[in-house]
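Here is the structure we will look at, set down as C-alpha cells.
The values are calculated or read from the model by the stated rules, or taken from the named source; none is laboratory data. The structure displayed is predicted, hence computed values, not measured ones. In this analysis, Cβ positions are derived from the backbone assuming ideal geometry, glycine residues included, and neighbour counts consider all displayed protein chains.
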Amino acid sequence: MPLTQRALTLGVACIVGLSCGTNYVYSAYAPQLASRLALTSTETNIIGAAGNMGVYLSGPFIGRFVDRNGPTRLLVFAMVALFAGYFAIQRLYAGGEDGLFATAGVVGVALAELLVGIGSTAGLSAAGNTVAKSYRKNRATALSLVLSTFGLSAFFYSNLWRSAFRSAADPTSAFLLLLALGTGISMALGAVFVIPSPHPSLTEPADSREEDEQPDEERDPLNELEESSPTERTPLKGAAAASAGSISVSGWALTRELDFWLLFLFNGLCSGVGLMYINNLGTVTRSLASKGTSPSDIALSQASLVSLLSLFNCLGRICVGSVSDYAVHRAPTRWRFSRVWWNVSTASLYAISQVLASRATTVHGWSGLAAPTILTGFAHGSLFGISGVLVLERFGMKTFSSNNGILALAPALFGQSSNYMFGRIYDHHVPVHTSLLAVADKTCTLGRDCFATAFHVTTGMAALGILVGIVLSSRETMRRAA
C-alpha cells in the first residue's frame, strides 16, 4: 500500500473517529434536555444509557459485518444513523414537553440516542479495522491515533459550539444541529477515502516477503520505527509468542478462554465507572453550582468540564498506545514489560478519581470537579486505547473486530447498571421541600449529598477492577501475547 494512500486513510480515519465519540458530549446537553422535557435524573440516565448500549451492544454484529464486507457500506450506514439520530433529538428538544415529545416520550428520545450509538460504533469499527489491517508494526500507535480522536470528540464539538453558537437564540438546539451535520459529513468523507488495503505482511507468507526490496519512497515511516531492532516483539513476531496473524480464536472457542472472561469483567467494571461519571458530569455540575448561578454560566461550566474530560480522554488513548509500544518493543530489555500491566494503573486512576468526586463540594478548582474529571478522562482513554490491542494480540487479527465487539458487551451491561444506579440515588435525594423551580427541573439541591453514595459504589467497582487487573496481568498467556 503506497505511503500516500496509507497516510490518507489514516488521516480520514481520524476525522471519522473525531465524530464517533460524541456520546461523551451527552452530559453537556443532557441537563438542558431534561429541563426542557421535564425529565427525572433516572429518565435522563436511561436516555444516556441507550446511547451507550447502542455503542456497545451493536459491536459484535458490526464487527462481524466489517470483517466480512469492509468499511464502505458501514460508513454510509453510520452517516445516515448519526445524522438521523441527532436531528431527531434536536426536533424533540425544540418542540418541548408539549411538542413531538408528547407523542414520542422518553422511549422516542432513547431510540434516537440508541441510533446515535449504533452509528458511532459503525463508524469507529470501519475506521479502526481498516487502520489495523494497513499497519503491521506499531499497530498500537496507529490505532491509538484513531481512538484518540474518538476521545477528542466531545472537546472538539463542545469548543466549536462555544465559539460559534454560544450567542444563538437557543444554543442547545444549535448544538444538536451541529452534531447532526458534523457527524454526517465526517462519515461521508470516510465512505469515500477510508480504503481497505491490508499490509502485505497480513496477506503474504513470512518467507515470501522481501520488505528490504520495497522502494524507499513507498515505505511507511510509521511501520519503520521499529525495523532497526532484530529482537523486537511485535503483534506479528516474537520468540516466545505466536503471531497475531496465525492466532485465530473466535465464536464459542472465545467463550472457553478464561483470559476473555477476565478481560470482559475488567472492562465492565472500569467502563461502568467511567460511563457513569461521563454521563452524569453535567448533572453533578448543576447540583454543585452556587445558588444564584445563571443557567448560561452553569451550561458554560458543563461544557468546560466536558472539554477537559474529552481532552484527557484523548491524551490517555495516545499515551497508552505509544508508551506501551515503547515498553514492549524499544525499551532496554530489563525495562520491558507486557502492555497488559497498563490495566492495573488504569483501574487505580479510576479509583482515585471516584474518591475525589465523592468529596467534591464545588464545581471549580482542584477541590472541585477538575481533578476527578482529568483522572477519569485519562483512565477512560487508557482503558479503550489498550483493550482493542490486547484482544488483537491475544486472540488474533482475522476476527479482530468481531471479538472486540463481543468484548464491548461488557460496557453496555455495566454502564447501564451504574447509570441507572446514579439516577435512582440522585432522584431519591430530590427533597420534597425544595423550591417549585427545582421541582420542575427535577434538580437535587443538596450538593454533594445528591450523588456521594453513587461514587462510593463506583470506588468499590474500581478497587475490584484493580484486583482483576492484577490477576489478568499475572497470567502467562496474556504476558506472552501482549
For Asn69, which of the numbered conditions (1) under 30 Å from Ala168 (Cβ atoms); (2) of a type in the set (S, T, N, Q); (3) free of Cβ contacts under 8 Å to residues at least 40 places away in the same chain fails to hold? (1)
Tally the residues that are more than 25 Å from the chain's Cα centre (by Cα) and either closer than 15 Å to Gln32 by Cβ or modelled with pLDDT of 85 or more (or both), restricting the search to the stretch 283-297. 8
Across the stretch 268-297, what is the total count of residues that are more than 18 Å from Thr459 (Cβ to Cβ), part of a helix (DSSP H, G or I) and not hydrophobic (A, V, I, L, M, F, W, C)? 8
Among (1) surrounded by fewer than 23 Cβ atoms within 10 Å (Cβ to Cβ); (2) under 21 Å from the mean Cα position of the chain (by Cα); (3) not acidic (Asp, Glu), which single condition is Ile386 missing? (1)
List the helices (runs of 4 or more DSSP H) inside the stretch 397-463, counting only whole elements, that have at least 2 residues being at pLDDT 85 or above. 409-428
Ser243 passes all but one of (1) among the hydroxyl-bearing types (Ser, Thr, Tyr); (2) part of a loop (DSSP other than H, G, I, E, B); (3) modelled with pLDDT of 80 or more; which number fails? (3)
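Can you find a residue in the stretch 324-333 that is acidic (Asp, Glu), assigned to a helix (DSSP H, G or I) and under 18 Å from Gly388 (Cα atoms)?
Applying the first criterion (acidic (Asp, Glu)) to the stretch 324-333 yields 325.
Cutting the leftovers down to assigned to a helix (DSSP H, G or I) gives us 325.
The next check asks that each one be under 18 Å from Gly388 (Cα atoms); those that pass are 325.
Checked the stretch 324-333: at least one residue is acidic (Asp, Glu), assigned to a helix (DSSP H, G or I) and under 18 Å from Gly388 (Cα atoms).
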Every residue from the stretch 365-415 that is out of contact with any Leu (no Cβ under 9 Å at 6 or more places or on another chain) and of a type in the set (Val, Ile, Thr): Ile386
Restricted to the stretch 60-118 and to residues being among the hydroxyl-bearing types (Ser, Thr, Tyr) and farther than 17 Å from Tyr24 by Cα, the residue surrounded by the most Cβ atoms within 10 Å (Cβ to Cβ) is Tyr93
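Among the residues of the stretch 339-360, is there at least one that is basic (Lys, Arg) and farther than 29 Å from Gly447 by Cβ?
There is at least one residue in the stretch 339-360 that is basic (Lys, Arg) and farther than 29 Å from Gly447 by Cβ.
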Taking the stretch 1-38 on its own, how many of its residues are assigned to a loop (DSSP other than H, G, I, E, B) and crowded, with 23+ Cβ neighbours inside 10 Å? 3
If a residue counts only when it is over 18 Å from Ala28 (Cα atoms), modelled with pLDDT of 80 or more and touching a Leu at 6+ places or on another chain (Cβ under 7 Å), which helices (runs of 4 or more DSSP H) contained entirely in the stretch 138-202 have at least 1 such residues? 139-151, 171-193
Within the stretch 54-113, considering residues that are among the hydroxyl-bearing types (Ser, Thr, Tyr) and more than 21 Å from Leu275 (Cβ to Cβ), the one nearest to the chain's Cα centre (by Cα): Thr72
So which of Leu349, Leu300, Leu315, Leu311 ends up being out of contact with any Phe, Trp or Tyr (no Cβ under 8 Å at 6 or more places or on another chain), among the aliphatic types (A, V, I, L, M) and in a helix (DSSP H, G or I)? Leu300
Hey, any hits in the stretch 56-67 for a residue that's within 30 Å of Leu288 (Cβ to Cβ), assigned to a helix (DSSP H, G or I) and in contact with a Phe, Trp or Tyr (Cβ under 6 Å, 6 or more places away or on another chain)? no
Could you list, in sequence order, all residues of the stretch 107-137 that are assigned to a helix (DSSP H, G or I) and among the basic types (Lys, Arg)? Lys133
